[in-house]
Amino acid sequence: MRSALQPSCLNENSKSKRAPTCRGLNWRSEGWSPVRFLFGIDKRYTAIDTSTPVGKMTFTVLGAVAELERSLIVERTRAGQRNAKLNGKHIGRPRACVNDTEIRSLLDAGNSMSQVAEILGVSAATICRRTQSAEW
């Protein structure tokens, strides 16, 4: 007999007893929510009634724990970025390596900014930004 948390593809007659995967199970057509699929929690079968004070308190506590976890993740991420900067690592997207003299020669040859960008393999915004900079 199938339990409330078991998908129909994993019944007694099924040969495979593996856990459902995203590829092996179309969880939306099975009526599964992402929370139920990932954690085995089905909101239809939880005993938390949000109309009662205890149910409201339970959800408030769960929300506070989730907020705390998110804050800790952000704090650890920022600490890691700060340590990487102190060790000389570059944080963020790498700068486009484009020579300004090459841009100038292509523009002087009569090419448009978008054509120059395509030739050099960068965006047109990069070419525009470089031409408007003080070094130009």
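The values are calculated or read from the model by the stated rules, or taken from the named source; none is laboratory data. These numbers were taken from a predicted model, which means no experiment stands behind them. With ideal geometry, Cβ positions are generated from the backbone for all residues, glycine too; neighbour counts draw on all protein chains shown.
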State all residues of segment 78-102 that are under 20 Å from ILE127 (Cα atoms) and in a helix (DSSP H, G or I); if no residue qualifies, say none.
-> ASP100, THR101, GLU102
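Could you list, in sequence order, the residues of segment 85-108 that are of a type in the set (Val, Ile, Thr) and surrounded by fewer than 10 Cβ atoms within 10 Å (Cβ to Cβ)?
Correct list: ILE91, THR101.
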If we ask which residues in segment 109-122 are in a loop (DSSP other than H, G, I, E, B) and either surrounded by fewer than 14 Cβ atoms within 10 Å (Cβ to Cβ) or touching a helix residue (DSSP H, G or I) at 6+ places or on another chain (Cβ under 6 Å) (or both), their number turns out to be 4
Going by the conditions given, is GLU75 of a type outside the set (Lys, Arg), modelled with pLDDT of 90 or more and over 15 Å from THR131 (Cα atoms)?
-> yes
